[in-house]
1. At R0 = 41 Å, how high is the FRET efficiency between residue 28 and residue 115 if r is their beta carbon distance? Nearest 0.05 is fine.
2. Roughly how many Å is it from the Cα centre of the stretch 1-26 to that of the stretch 36-74, as a whole number?
3. If contacts are Cα pairs under 8 angstrom and at least 6 residues apart, what is the relative contact order of the chain in percent?
4. Under a crude label model (7 Å from the Cα following the beta-carbon direction), how far is residue 94 from residue 67 in nanometres?
5. Over the Cα atoms of the stretch 1-63, what radius of gyration and what Dmax do you get, in Å?
6. Among 25-36, 58-69, how do they line up from the highest to the lowest mean number of other beta-carbon atoms within 10 Å?
7. For the chain, compute Rh as the Kirkwood radius over C-alpha pairs and then the Stokes-Einstein diffusion coefficient at 4 °C and 1.567 mPa s; write the answer in µm²/s, rounded to an integer.
């Protein structure tokens, strides 16, 4: 079976990230996660993208395996990811200067791979 899971560096499943209140003109510290092959088969051709609700009031920023993600599918691994192996994920939130109203906003990391 092929399966990827987001995990904390200690190996436990990663909960949804809540960056809390991020004042205008600032960014959160980067949080490190791992995208782990928890299946029993190798995984190839991993691609990922980031989806943001709105860039006007904040941006979910993610790099995966050293690739800074955008809203378009991007290759992050063209080699084989063996069972138990992982790719490093770095995530943060930035609120642009000039935002006068802040509130809940959302971003998603989406990943796909060759079946």
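We did not get these values from a lab; they are worked out from the coordinates using the rules stated. Nothing here was measured: the structure is a model prediction, and the numbers come from that model. For neighbour counting, all protein chains shown are included, and Cβ atoms are generated from backbone atoms with ideal geometry for every residue, glycine included.
1. 0.75
2. Rounded to whole Å, the Cα centres lie 12 Å apart.
3. 36 percent
4. The answer from the label model is 2.0 nm.
5. For the stretch 1-63, the Cα radius of gyration and maximum Cα-Cα distance read 14.7, 44 Å.
6. 58-69, 25-36
7. The calculation lands on 87 µm²/s.
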